[in-house]
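These notes concern the structure reproduced below.
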Amino acid sequence: MSVPLPSPAPLPGIHRNESYINFEVTFFTFPMLLLVLPIFYMPVTIIIILRIFVKLLYAIKDKNVNVPLFSAICISHIMVSCDSREVIHQINFQCLLFFICDFFYVRLMTSGVFTSWCASVLPNRYLIILYATTFYFNYANMLFPFLVSTMRLILFAYPQNQAKVLTWDDLRFAPFINRTILRTALPIIFIYPFFSIFFMFTAEGFCVQARSPFPFGSVVIAFQGSLFQLRNNYFLLFNNLFWMSSCLINNSILLVKLVQLKMSLSFQARSQKSYKAEVSLTFTTFSMIFSYLSNSMIVIAAQLGGELSYYAIMLRPFGNDLETCVVPWVFYLTHPIFRRKTNTLRVVP
């Protein structure tokens with residue numbers, strides 16, 4: 001008498017499901033609208049970001065530019081964000097790399113473009129690589145606003161000539177302090193996200209059908225086999241709340257200093273470029289909160305359970321796009337450095 005072989009464990013999600021293997025993409029759905037919507041505003045946003053970047057490249061040649069702060073600007077622009085310049089103001093551009101990863105992670109997956117492929121393959125490492133990479137940039141993105149706001153606070157505390165050649169007598173001032181902070185912080189920022197995604201290294205990604213309000217064929221990425229069975233929600237919640245609170249504290253102090261500066265200046269002085277730059281800081285400081293709010297919405301909805309998390313996933317691209325677009329637009333439209341002028345450009349540190 002033959003012993004029956006144990007049946008294989010069922011595959012998670014939609015994998016090997018004929019209904020999803022034969023799925024055909026429909027273009028008249030809300031997820032598809034989310035997919036094509038960036039075409040209308042991302043090209044303009046990229047042009048604005050490039051103009052800001054070019055302006056910063058020219059500004060570094062000015063002897064008054066704070067070199068450590070500018071270095072943070074360049075690196076954060078390439079990877080995560082683009083932060084401030086001139087008269088210690090701040091701007092946070094969301095990283096284009098994070099936008100691209102999130103575009104694949106949310107928009108393309110829920111649009112149904114990869115549904116048939118996901119269903120025809122087994123759970124695999126490619127999906128977890130996309131998942132982990134997206135959150136790697138997301139976690140790194142949380143640190144840059146705090147870094148630059150801290151460097152700006154130091155510039156407020158030590159308004160020295162940033163072009164001055166440092167001597168041993170100058171080590172107590174902002175250039176040396178910011179240079180030290182930058183050299184220390186950058187390796188930490190690039191390594192730090194691994195402490196929040198390390199448990200994904202042993203995991204496999206798989207696709208699951210997104211629940212209402214998403215239509216049939218919209219999938220999201222989940223994972224199984226993580227180290228110690230850890231999940232991502234608690235890491236995301238802690239990082240988001242901690243860095244958002246830290247950034248808000250720094251910016252609140254900067255806002256108080258701006259009010260003090262306004263009270264100490266005459267009406268004529270308030271019309272000068274340096275003060276207008278600080279007013280631009282006020283707007284950009286508040287406009288950079290969108291990414292934190294978007295992450296918080298995802299985590300809180302996941303904790304509440306039910307279909308709320310899928311509504312949050314549907315709204316998440318709008319929150320990320322608000323940060324990606326509104327922040328550089330506000331900075332570009334309000335900061336005096338981008339206004340046409342006849343006199344020679346000069347940056348006041």
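The values are calculated or read from the model by the stated rules, or taken from the named source; none is laboratory data. Keep in mind it's a predicted model, so treat the numbers as computed, not measured. Because the Cβ atoms are built from the backbone with ideal geometry, glycine has one as well, and the counts that use them run over all protein chains shown.
Residues in the stretch 215-231: is at least one farther than 19 Å from residue 314 by Cβ, free of Cβ contacts under 8 Å to residues at least 60 places away in the same chain and small (Gly, Ala, Ser)? Break it down stepwise before answering.
First, pick out the residues of the stretch 215-231 that are farther than 19 Å from residue 314 by Cβ: 223-231.
Applying the additional criterion that residues be free of Cβ contacts under 8 Å to residues at least 60 places away in the same chain yields 225-231.
Going one step further and asking which of them are small (Gly, Ala, Ser), we end up with 225-226.
Yes, some residue in the stretch 215-231 is farther than 19 Å from residue 314 by Cβ, free of Cβ contacts under 8 Å to residues at least 60 places away in the same chain and small (Gly, Ala, Ser).
For residues that are part of a helix (DSSP H, G or I) and surrounded by fewer than 23 Cβ atoms within 10 Å (Cβ to Cβ), tally how many sit in the stretch 108-118. Please lay out each step first, then the result.
From the stretch 108-118, those part of a helix (DSSP H, G or I) are 108-111, 115-118; that's our starting set.
The next check asks that each one be surrounded by fewer than 23 Cβ atoms within 10 Å (Cβ to Cβ); those that pass are 108, 116-117.
Residues in the stretch 108-118 being part of a helix (DSSP H, G or I) and surrounded by fewer than 23 Cβ atoms within 10 Å (Cβ to Cβ): 3 in total.
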For this session: Report, ordered by the first and then the second residue, all pairs with beta carbons closer than 7 Å, sequence separation of six or more or different chains, a first member in the stretch 324-349 that is farther than 18 Å from residue 50 by Cβ and crowded, with 18+ Cβ neighbours inside 10 Å, and a second member that is acidic (Asp, Glu) and at pLDDT below 70.
Result: 347/62; 347/86
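When you scan the stretch 245-310 for helices (runs of 4 or more DSSP H) that lie fully inside it, which ones turn up with 1 or more residues that are at pLDDT 70 or above and in contact with a Ser or Thr (Cβ under 8 Å, 6 or more places away or on another chain)?
By residue number, 273-287, 290-304.
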Problem set entry | Search result, residues across the stretch 14-32 that are polar (S, T, N, Q), under 30 Å from residue 324 (Cα atoms) and surrounded by fewer than 16 Cβ atoms within 10 Å (Cβ to Cβ) | 26
For this session: Considering each of 35, 56 in turn, give the residue that is in a helix (DSSP H, G or I), surrounded by 13 or more Cβ atoms within 10 Å (Cβ to Cβ), in contact with a helix residue (DSSP H, G or I) (Cβ under 7 Å, 6 or more places away or on another chain) and at pLDDT 85 or above.
Result: 35
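Among the listed residues 195, 190, identify the single one that is closer than 20 Å to residue 138 by Cα, in a helix (DSSP H, G or I) and touching a residue at least 24 places away in the same chain (Cβ under 8 Å).
Values: 195 fails: touching a residue at least 24 places away in the same chain (Cβ under 8 Å).
None of the other options fit; the residue is 190.
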For this session: Consider residue 190 carefully, then state whether it is surrounded by 14 or more Cβ atoms within 10 Å (Cβ to Cβ) and out of contact with any Leu (no Cβ under 8 Å at 6 or more places or on another chain).
Result: yes
